Amino acid sequence: MPRVTVYYTQNCPYCRMAKAYLERHGVDYMAIDVGSDREQAKKMVELSGQYGVPVITVDDEVIIGFDAQRLNELFGTAKGEDVTDVLIIGAGPAGLTAAVYCSRKMLKTTVVSENIGGQALESWAIENYMGYRMVSGADLMQKFEEQVRSEQNIHLELDRVRSLQREGDLFVAETATGRTILAKTVILAQGKRPRKLGVEGEERYLGRGLSVCSTCDGPLFRDKVVAVVGGGNSALQTAIEMSKIARQVHLIVRSTIKADPSYVKQYEERKNITTYLHHTVSGLQGNGMLTGITVRDEKSKKETTIPLDGVFAEIGWIPNTDFLDGLVPLNDQKEVIIDINCTTATPGLFAAGDVTSIRTKQIITAAGEGAKAALEAYAYLTR
Ligand SMILES: Cc1cc2nc3c(=O)[nH]c(=O)nc-3n(C[C@H](O)[C@H](O)[C@H](O)COP(=O)(O)OP(=O)(O)OC[C@H]3O[C@@H](n4cnc5c(N)ncnc54)[C@H](O)[C@@H]3O)c2cc1C
């Protein structure tokens with residue numbers, strides 16, 4: 001057996017996915033929490049040239065990120081074909097709630113998701129989910145997961161659906177690790193993903209100072225200088241939390257701050273946040289690792305370079321609908337069009353949460369829509 005080490009942080013979804021993959025393939029590994037162990041964090045950065053997790057070492061090979069293709073080459077592809085009553089794509093608030101409702105209707109339920117918890121995992125503090133005065137996204141999603149795992153009829157897999165088609169009466173899903181899943185009905189609950197900055201060098205610096213997951217990578221920037229790009233709730237939340245970890249936070253806002261008053265109040269109280277209103281990121285500098293960004297004042301067009309160690313992009317989200325490829329109508333935002341009962345134009349195909357055309361994108365509404373989609377799938381199967 002090769003020597004396998006996984007460098008991870010507590011809240012990183014891809015770390016959990018990598019560990020679940022290794023466990024599914026019966027691979028023994030050592031797990032090192034680089035969020036709490038600064039010496040090991042330094043070692044990981046030296047080994048990988050990365051300020052991002054997970055990093056996996058297999059003997060002398062260093063694998064950056066959850067690279068399912070490379071892991072399959074090393075440990076073999078999981079094969080198999082199952083027919084399930086309901087396939088739920090995504091295990092955020094919508095998918096996890098849908099799973100519990102399906103299970104309670106005794107439906108054979110398969111959930112395939114890249115992580116368990118979805119975007120909510122990225123929230124440092126949730127103050128508007130009923131029953132909790134304040135809870136971190138990770139803790140809330142842990143509760144959701146515990147409830148799903150206590151149900152008998154749910155099979156939960158950490159994987160990514162890369163294609164979905166209809167063949168006769170069944171849906172056929174192919175996953176990133178090479179599995180084929182056959183389903184009588186499907187609930188799309190795959191949410192959205194972060195929007196890119198759109199500047200030269202973005203791909204090169206991703207994980208090398210540029211991050212789209214502050215709850216995953218934030219602890220690696222202790223006492224360093226970082227920038228947060230964006231002016232909405234997510235950006236402000238990240239700036240507030242990073243101001244408690246990093247020495248200095250630069251907040252780059254394209255126009256003005258458009259966040260909830262409660263976040264604005266906390267942000268105004270932080271002394272180590274410098275704000276650049278009406279600025280955009282026009283360049284990234286570095287030599288292997290990110291060492292600075294250039295920001296442009298959109299009014300005067302003047303450019304300023306800020307030396308720093310990390311940048312967190314919090315500039316919006318794109319629905320995860322690329323793999324649907326004509327299977328179901330999308331709106332001009334590429335969201336799945338649903339009616340008030342979470343049904344799509346394709347019989348047997350339902351959708352819930354942030355991936356849909358519903359305007360409100362919140363945990364409580366995603367969970368509610370997940371419940372509706374599950375009950376509609378049940379009605380469809382028993383009709
Ligand atoms: C930083 C931040 C803070 C937030 N704070 C709050 C808050 O305080 N209160 C609140 O109510 N809302 C908050 N939100 C919004 C809230 O998190 C979302 O509205 C909610 O998570 C949407 O749930 P969802 O299940 O529809 O989608 P998501 O949470 O996006 O979950 C989608 C799931 O699908 C998986 N997936 C995606 N593509 C695939 C694929 N091809 N195959 C398999 N799986 C896939 C993803 O990995 C994920 O697990 C916040 C969001 C962010 C980013």
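Some notes on this structure:
- Restricting attention to the stretch 124-149, the residues being in a loop (DSSP other than H, G, I, E, B) and either within 11 Å of the ligand (Cβ to nearest atom) or at pLDDT below 95 (or both) number 10.
- ILE315 being open to solvent by 50 Å² or more (accessible area, probe 1.4 Å) and farther than 16 Å from ALA91 by Cα: yes
- For the stretch 361-368, the criterion of being part of a loop (DSSP other than H, G, I, E, B) and either within 16 Å of the ligand (Cβ to nearest atom) or at pLDDT 95 or above (or both) is met by at least one residue.
- Residue that is assigned to a strand (DSSP E or B) and more than 28 Å from ILE318 (Cβ to Cβ), where the choices are LEU156, LEU182: LEU182
- Taken over the stretch 87-123, residues that are near the ligand (Cβ under 10 Å from one of its atoms) and of a type in the set (Ser, Thr, Tyr) amount to 3.
- Qualifying residue in the stretch 184-195 (condition: among the hydroxyl-bearing types (Ser, Thr, Tyr) and closer than 24 Å to VAL228 by Cα): no
- Those residues of the stretch 99-125 which are farther than 16 Å from GLU146 by Cα and either surrounded by fewer than 21 Cβ atoms within 10 Å (Cβ to Cβ) or not assigned by TED's automatic domain parsing to the domain that holds GLN152 (or both), in sequence order: LYS105, MET106, LYS108, TRP124, ALA125
- Residue pairs whose Cβ atoms lie under 7 Å apart, sitting 6 or more positions apart in sequence or on different chains, and linking a residue in the stretch 323-348 that is open to solvent by 40 Å² or more (accessible area, probe 1.4 Å) to a partner that is among the charged types (D, E, K, R), are ASN341/LYS372; ASN341/GLU376.
- Residue list for the stretch 231-249, restricted to those being open to solvent by less than 20 Å² (accessible area, probe 1.4 Å) and either away from the ligand (no atom under 15 Å from the Cβ) or without any contact (Cβ under 8 Å) to a residue 60 or more places away in the chain (or both): GLY231, LEU236, ALA239, SER243, ALA246, VAL249
- Selected residue [open to solvent by less than 40 Å² (accessible area, probe 1.4 Å), more than 20 Å from the chain's Cα centre (by Cα), among the hydrophobic types (A, V, I, L, M, F, W, C) and within 22 Å of GLY118 (Cβ to Cβ)] from ILE154, ILE187: ILE154
- Any chance VAL253 is modelled with pLDDT of 95 or more and in contact with a strand residue (DSSP E or B) (Cβ under 6 Å, 6 or more places away or on another chain): no
- The criterion of being within 15 Å of the ligand (Cβ to nearest atom), free of Cβ contacts under 8 Å to residues at least 40 places away in the same chain and under 13 Å from THR84 (Cβ atoms) does not hold for VAL186.
- Scanning the stretch 192-230 for residues that are open to solvent by less than 10 Å² (accessible area, probe 1.4 Å), within 13 Å of the ligand (Cβ to nearest atom) and assigned to a loop (DSSP other than H, G, I, E, B) yields a single hit, GLY230.
The values are calculated or read from the model by the stated rules, or taken from the named source; none is laboratory data. Note that the coordinates shown come from a computational prediction; the quantities given were computed from them, not determined experimentally. Neighbour counts run over all protein chains shown; Cβ positions are idealised from the backbone, glycine included. For accessibility, only protein heavy atoms count, side chains too; no ligands or nucleic acids. Shrake-Rupley method; radii C 1.70, N 1.55, O 1.52, S 1.80 Å.
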